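> Quick one: the structure is below, questions incoming.
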Amino acid sequence: MTTRITLRRPDDWHLHLRDGAMLQTVLSYSAAQFGRAIVMPNLKTPVTTTALARAYRERIVAALPPGADFVPLMTVYLCDGTSADDLCRGFEDGVLTAAKLYPAGATTHSEHGVTSIAKVAPVLETMQAIGMPLLLHGESTDPAVDVFDREAVFIESTLRPLLRDFPALKVVLEHITTEEAADFVRADASGRLAATITPQHLMFNRNAIFTGGIRPHLYCLPVLKRERHRLALRRVATSGDARFFLGTDSAPHLRTLKETGCGCAGIFNAPVALQSYCTAFEEEGALDKLEAFASLNGPRFYGLAPNEASVTLERSSWEVPQDVELAAGGALHPFLGGSRLPWALRDAPVPEPVAA
Ligand code: OTD
Ligand code: ZN
Ligand code: ZN
């Protein structure tokens, strides 16, 4: 039985770091696990320009624990009015790594998102020309579409025509949750389409949200799906296929804002991300494929070198803490908080929150 596994230091290709006191607390968890992360731009005031992304990057770097080996890769939030010139300059100056498209209203803080692809066509033309990746929250926002069908409908209604109309645009379908998405990405032969997968969508199906009562800490968007979808995601994640890579979608909300009459969507998995992926890969008999998924496929898609440093996971049962306290008050309940995981990170202990 494998008792230890060493990987090149992985990266998180989809992460919500927030801002202010929340950033100060959650960043240390990601920095303990990952070398780089694609930072989502859906702040309360969204990161819609290169100047805002540059300022946000500075706040993130200032909040890093001393000695941390972590590089934030910034994204910009596309709006109907986004300037192609600003995006182009931001990408060419190395401030921006990608642009994020939220269909307006699809998820947390997406109300300023794009109302139709036509509205951003000139921006997408520019991105295609300069090789800047488009990151998609792939869910239909048609209120008539069932919440469990929104990803599959988005693929046919929006993604397929988008790929046809922008034949060289690099696209990441973020946090895929369905067999339809996995099959769609696998069927693409162009090499410019990839997908990220979260730990929660590999570990749970939608029944988990309703086990013994309603479980707000397992509510995220896109919502967990049926078992057949979870199994399809496990197959592609563990296949070694370079088009699938790690993106935690760690999305912290205060416990009080999740345990309420209208709870926020989002799962804070940063403290347990690698340990969770490792557990899922072992269950599939695919520990030998973890490094490709976590550390190699993502940099390859983004045209970056893999990290030089390494991390080691050890077989060691540990209990995930129930709560992470924020220095400014309030608490976050991490993914799997209160349960045990069979893998622990060596030399990168789960850090204590840093005082603001
Ligand atoms: N999903 N929550 C959030 C974002 C993601 O769609 C996402 O990327 C969030 O809170 O920012 C969530 O459930
Ligand atoms: Zn999303
Ligand atoms: Zn997200």
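> Of everything in the stretch 283-322 that's of a type in the set (S, T, N, Q) and closer than 24 Å to L233 by Cα, which residue is surrounded by the fewest Cβ atoms within 10 Å (Cβ to Cβ)?
Residues of the stretch 283-322 of a type in the set (S, T, N, Q): 295, 297, 307, 310, 312, 316-317, 322.
If we keep only those that are closer than 24 Å to L233 by Cα as well, we get 295, 297.
Working: S295: 22, N297: 25.
Filtering first and then ranking leaves S295.
> Return the residue satisfying two criteria in turn: it lies in the stretch 11-32 and is more than 13 Å from the chain's Cα centre (by Cα) and farther than 23 Å from C264 by Cβ, and of such residues it is nearest to ligand 3 (Cβ to nearest atom).
A31
> Does V172 meet the test of being surrounded by fewer than 24 Cβ atoms within 10 Å (Cβ to Cβ), touching a residue at least 40 places away in the same chain (Cβ under 8 Å), touching a strand residue (DSSP E or B) at 6+ places or on another chain (Cβ under 6 Å) and not aromatic (F, W, Y)?
So V172 does not fit the description; no.
> Would you tally the residues in the stretch 183-208 being surrounded by fewer than 17 Cβ atoms within 10 Å (Cβ to Cβ), of a type in the set (A, V, I, L, M) and farther than 21 Å from G131 by Cα?
Adding up the residues that qualify gives 2.
> Looking at the stretch 151-161, can you tell me whether even one residue there is open to solvent by less than 20 Å² (accessible area, probe 1.4 Å) and assigned to a loop (DSSP other than H, G, I, E, B)?
Checking the stretch 151-161: not a single residue is open to solvent by less than 20 Å² (accessible area, probe 1.4 Å) and assigned to a loop (DSSP other than H, G, I, E, B).
> Does F301 qualify as being more than 16 Å from ligand 2 (Cβ to nearest atom) and in contact with a helix residue (DSSP H, G or I) (Cβ under 7 Å, 6 or more places away or on another chain)?
Against the criterion (more than 16 Å from ligand 2 (Cβ to nearest atom) and in contact with a helix residue (DSSP H, G or I) (Cβ under 7 Å, 6 or more places away or on another chain)), F301 does not qualify.
> Check the stretch 153-163 and report whether any residue there is more than 20 Å from the chain's Cα centre (by Cα), within 16 Å of ligand 1 (Cβ to nearest atom) and either more than 20 Å from K225 (Cα to Cα) or among the small types (G, A, S) (or both).
yes
> To continue, here is another question. What's the total number of residues in the stretch 1-20 that are at pLDDT 95 or above and away from ligand 1 (no atom under 13 Å from the Cβ)?
10
> Given the conditions (1) under 20 Å from the mean Cα position of the chain (by Cα); (2) within 16 Å of ligand 1 (Cβ to nearest atom), report the number of the one that K170 does not fulfil.
Among (1) under 20 Å from the mean Cα position of the chain (by Cα); (2) within 16 Å of ligand 1 (Cβ to nearest atom), K170 violates only (2).
> Looking only at the stretch 74-104, count every residue that is small (G, A, S), under 22 Å from E151 (Cα atoms) and away from ligand 3 (no atom under 15 Å from the Cβ) and tell me the total.
Taking the stretch 74-104 first, the residues small (G, A, S) are 81, 83-84, 90, 94, 98-99, 104.
Checking which are under 22 Å from E151 (Cα atoms) leaves us with 98-99, 104.
Now narrow it down to the ones that are away from ligand 3 (no atom under 15 Å from the Cβ): 104.
Residues in the stretch 74-104 being small (G, A, S), under 22 Å from E151 (Cα atoms) and away from ligand 3 (no atom under 15 Å from the Cβ): 1 in total.
> Sticking with this structure for a sec: Could you tell me which of the residues F184, F148, F204, F166 is hydrophobic (A, V, I, L, M, F, W, C) and either under 25 Å from G81 (Cα atoms) or within 15 Å of ligand 3 (Cβ to nearest atom) (or both)?
Working: F184 fails: either under 25 Å from G81 (Cα atoms) or within 15 Å of ligand 3 (Cβ to nearest atom) (or both); F148 fails: either under 25 Å from G81 (Cα atoms) or within 15 Å of ligand 3 (Cβ to nearest atom) (or both); F204 fails: either under 25 Å from G81 (Cα atoms) or within 15 Å of ligand 3 (Cβ to nearest atom) (or both).
When all the criteria are applied, what remains is F166.
> Identify the residue in the stretch 233-265 that is crowded, with 21+ Cβ neighbours inside 10 Å and among the small types (G, A, S) and, among all such residues, is farthest from ligand 2 (Cβ to nearest atom).
The extreme case among them is A237.
> Can you tell me which of (1) open to solvent by less than 10 Å² (accessible area, probe 1.4 Å); (2) of a type in the set (K, R); (3) more than 16 Å from ligand 3 (Cβ to nearest atom) is the one K119 doesn't meet?
Going through the list (1) open to solvent by less than 10 Å² (accessible area, probe 1.4 Å); (2) of a type in the set (K, R); (3) more than 16 Å from ligand 3 (Cβ to nearest atom), K119 breaks only (1).
> Would you call A194 assigned to a strand (DSSP E or B), touching a residue at least 24 places away in the same chain (Cβ under 8 Å) and among the small types (G, A, S)?
Yes.
> Of all residues in the stretch 1-47, which are polar (S, T, N, Q) and touching a residue at least 40 places away in the same chain (Cβ under 8 Å)? Please lay out each step first, then the result.
So the first thing to find is which residues in the stretch 1-47 are polar (S, T, N, Q), and the list is 2-3, 6, 24-25, 28, 30, 33, 42, 45.
T2, T3, T6, Q24, T25, S28, S30, Q33, N42, listed by residue number.
> Let me ask something else about it. Name the single residue that is farthest from ligand 2 (Cβ to nearest atom) among those in the stretch 99-113 being under 13 Å from V76 (Cα atoms) and surrounded by 22 or more Cβ atoms within 10 Å (Cβ to Cβ). Break it down stepwise before answering.
From the stretch 99-113, those under 13 Å from V76 (Cα atoms) are 99-102, 110, 112-113; that's our starting set.
Restricting the remaining residues to those that are surrounded by 22 or more Cβ atoms within 10 Å (Cβ to Cβ) gives 99-102, 113.
Details: A99: 14, K100: 8, L101: 10, Y102: 7, G113: 10 Å.
Among them, the one singled out is A99.
> Please work out which residue is farthest from G35 (Cα to Cα), limiting yourself to the stretch 239-293 and to residues that are polar (S, T, N, Q) and not in a strand (DSSP E or B). Lay out the reasoning, then the answer.
Pass one, the stretch 239-293, residues polar (S, T, N, Q): 239, 248, 250, 256, 260, 269, 275-276, 279.
Now drop any that are not not in a strand (DSSP E or B), which leaves 239, 248, 256, 260, 269, 275-276, 279.
On the way: S239: 23, T248: 14, T256: 31, T260: 35, N269: 16, Q275: 16, S276: 18, T279: 20 Å.
In this case the residue turns out to be T260.
> Same structure, new question: Being in contact with a helix residue (DSSP H, G or I) (Cβ under 9 Å, 6 or more places away or on another chain), within 23 Å of R230 (Cβ to Cβ), in contact (Cβ under 8 Å) with a residue 24 or more places away in the chain and more than 16 Å from ligand 3 (Cβ to nearest atom): is that true of L290 here?
Values: in contact with a helix residue (DSSP H, G or I) (Cβ under 9 Å, 6 or more places away or on another chain): yes; within 23 Å of R230 (Cβ to Cβ): yes; in contact (Cβ under 8 Å) with a residue 24 or more places away in the chain: yes; more than 16 Å from ligand 3 (Cβ to nearest atom): yes.
For L290, the condition - in contact with a helix residue (DSSP H, G or I) (Cβ under 9 Å, 6 or more places away or on another chain), within 23 Å of R230 (Cβ to Cβ), in contact (Cβ under 8 Å) with a residue 24 or more places away in the chain and more than 16 Å from ligand 3 (Cβ to nearest atom) - is met.
The values are calculated or read from the model by the stated rules, or taken from the named source; none is laboratory data. None of the values given here were measured: they were computed from a predicted structure. Quick reminder, even Gly has a Cβ in these numbers, built from the backbone with ideal geometry, and neighbours come from all protein chains shown. Calculation scope for accessible area: heavy atoms of the full protein, side chains included, ligands and nucleic acids excluded. Shrake-Rupley method; radii C 1.70, N 1.55, O 1.52, S 1.80 Å.
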